[in-house]
Amino acid sequence: MEELYRAIEEKIRAAGYPGEVDVFAFYEDICEQIGDKDEGTYILMSKTGDEIWYEYELSVMEDNFNLSVMTIHTGERDYRIDFDA
């Protein structure tokens, strides 16, 4: 899992996001939100602070999920991370 977390963090940094990155928290948030979802494609949102919130575009499959895009919205700018690129 550490390798997966590192790859996610590298993508976030490559998108220019300068803030703190807690990839474990991102991953846990996604898992929690999709726990009762049927298979399909979803856009999920999560607010972690006063000005920062995350938007996840993902596909839920029977035994896993595919995170396609994550957008980090800040008060100053949006950072779009394309995991399928």
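The values are calculated or read from the model by the stated rules, or taken from the named source; none is laboratory data. Computed from a predicted model, the values in this text were never measured in an experiment. As a convention, Cβ positions derive from the backbone with ideal geometry for all residues, glycine included, and neighbour counts pool all protein chains shown. To get the accessible areas, we keep the full protein, side chains included, count just its heavy atoms, and leave off ligands, DNA and RNA. Shrake-Rupley method; radii C 1.70, N 1.55, O 1.52, S 1.80 Å.
Would you mind counting up the charge near Asp84? Only other residues with Cβ under 11 Å from its Cβ, with Lys and Arg at +1 and Asp and Glu at -1.
Combined, the nearby Lys, Arg, Asp and Glu give -1.
Using only Cα atoms, find the angle between the long axis of helix 23-34 and the longest principal axis of the chain, and express it within 0 to 90 degrees, rounded to the nearest 10.
For 23-34 against the chain, the angle is about 40 degrees.
Counting other C-beta atoms within 10 Å, and keeping those with at most 10, which DSSP coil GluC sites (Glu not before Pro) do you find in the stretch 40-83?
Listed in order of number, the matching sites are Glu51, Glu62, Glu76.
How much solvent-accessible surface does Arg13 expose, in Å² to the nearest 10, with a 1.4 Å probe and all protein chains in place?
So the heavy atoms of Arg13 present about 100 Å² to solvent.
Using helices alone, what [θ] at 222 nm do you get for the chain, with -39,500 (n - 2.57) per DSSP H run of 4 or more residues, divided over all residues and rounded to the nearest 500?
Computed mean residue ellipticity for the chain: -9000 deg cm²/dmol.
Cα-based Rg (one decimal) and Dmax (whole number) for the stretch 2-43, in Å?
12.3, 34
Please arrange Phe83, Phe26 by accessible surface area, largest first, computed with a 1.4 Å probe and ligands excluded.
Phe83, Phe26
Ranked from the most accessible area to the least, with a 1.4 Å probe and all protein chains present, what is the order of Thr74, Thr48?
Values: Thr74 35, Thr48 85 Å².
Output order, biggest surface exposure first: Thr48, Thr74.
Which of rounded, prolate or oblate describes the chain when judged by the alpha-carbon gyration tensor and an a/c cut-off of 1.5?
Judged from the Cα gyration tensor, the chain comes out prolate (a/c at least 1.5, a/b above b/c).
Pulled fully out, how much extra length does the chain show between Ser68 and Leu4, if you take 0.36 nm times their separation in residues and subtract their Cα-Cα distance?
So the chain would gain 21.6 nm between Ser68 and Leu4.
If you roll a 1.4 Å probe over the chain with all protein chains in place, what percent of the accessible area is carbon or sulfur?
Ligands and nucleic acids excluded, carbon and sulfur give 44 percent.
Suppose all protein chains stay in the model; what accessible area per residue would a 1.4 Å probe give for the chain, in Å²?
Ligands and nucleic acids excluded, the result is 66 Å² per residue.
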